[in-house]
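> This is the structure, below, for whatever I ask next.
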Amino acid sequence: MFWLLAILAYLLGSLSFAILLSRSAGGPDPRASGSGNPGATNMLRVAGKKLAILTLLGDLLKGLLPVLVAAAWQFNIQQQAWIGLAAVIGHMYPLYFRFHGGKGVATAAGMLLGLYPPAALLAVAAWLLSFKLTRISSLAALIATPLTLPLLAWQQPGALLPMSALCGLVVWRHRSNLRDLFAGRERQF
């Protein structure tokens, strides 16, 4: 059942709410506009607040639902985290959209919310504070995601390995943002 749920989580994660909402509203493909990223931040740039909020909610649910199902089926915390990670990987590399997906931050937040809500609250608080100070979404994500690891190591050590892998993937997906940050060219809101 673990592998079946992991595959289903990946397939759910592969649904790109940014692309689907943009198409249904007759808007531009977020992969071809703004930053080129099919996520909530770019949707705010190219499609407005309403579609950005809907994208954010959809992406959060993609990470949350598989973890809740895994918990209901009484998988342990590590298995829940691996299943949640499968949803995040689906968001990053979606089967339905030629593996061109988002950066996984909102889906990871949903995953964390299902695994251990205090870690999700810490990540959201760190993201909001970082964003308020810098007005740079990518930097906020790069700060917030790894900050959850010490709390998880202390409170939910079983989730630490999958969450460490997730942090590595988030950094990898933000590598162009890191280059722009170091060069002083990263976009601000």
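> For the chain, what is the calculated [θ] at 222 nm in deg cm²/dmol (nearest 500), taking -39500 (n - 2.57) for each run of four or more DSSP H residues and dividing by its residue count?
Working: 10 runs with 139 residues, N = 189.
Rounded to the nearest 500, the figure is -23500 deg cm²/dmol.
> Quick one: dipole size for segment 2-183, taken about the Cα centre, charges +1 on Lys/Arg Cβ and -1 on Asp/Glu Cβ, in debye to the nearest 20.
Approximately 460 debye in magnitude.
> A further question on this structure: Report D for segment 2-183 in µm² per second (integer): Stokes-Einstein, Kirkwood Rh on Cα pairs, 10 °C, 1.306 mPa s.
So the translational diffusion coefficient is about 99 µm²/s.
> If R0 is 30 Å, what FRET efficiency do you get for Arg135 and Asn76 from their C-beta distance, rounded to 0.05?
0.15
> Could you give the length gained on full extension between Leu121 and Ser33, defined as 0.36 nm per residue of separation minus the Cα-Cα distance, in nm?
Computed gain between Leu121 and Ser33 is 28.6 nm.
> With a point put 7 Å past each Cα toward its Cβ, work out how far Leu161 is from Gln188 in nm, to one decimal.
Placing both labels 7 Å beyond Cα along the Cβ direction yields 4.3 nm.
> Using Cα centres only, tell me the gap between segment 58-103 and segment 161-185 in whole Å.
Going from one Cα centre to the other spans 19 Å.
> Let me ask something additional. Which number comes out as Rg/Rh for segment 40-82 once both Rg and the Kirkwood Rh are worked out on C-alpha atoms?
That ratio is 1.23, to two decimals.
> Within the chain, which complete DSSP H helices have Cα atoms spanning at least 30 Å along the helix axis and a mean Kyte-Doolittle hydropathy of 1.0 or higher?
Once both thresholds are applied, what remains is 49-72.
> Next up: Please give the length that would be gained between Arg179 and Lys49 if that part of the chain were fully extended, namely 0.36 nm times their separation in residues minus their C-alpha to C-alpha distance (nm, one decimal). Can you show the working numbers first?
Numbers: separation 130, 0.36 × 130 = 46.80 nm, distance 2.77 nm.
Here the segment from Arg179 to Lys49 would lengthen by 44.0 nm.
> Here's a follow-up. Inverting the mean 1/r over all pairs of different Cα atoms, compute the Kirkwood radius of segment 43-141 and quote it in Å.
14.1 Å
> Tell me the relative contact order for the chain as a rounded percent, counting alpha carbon contacts under 8 Å between residues six or more apart.
Answer for the chain is 20 percent.
Coordinate-derived values only; no laboratory data. Just so you know, these numbers come straight off a predicted model, no measurement behind them. Reconstructed Cβ throughout: ideal geometry from the backbone, glycine too, with neighbour counts over all protein chains shown.
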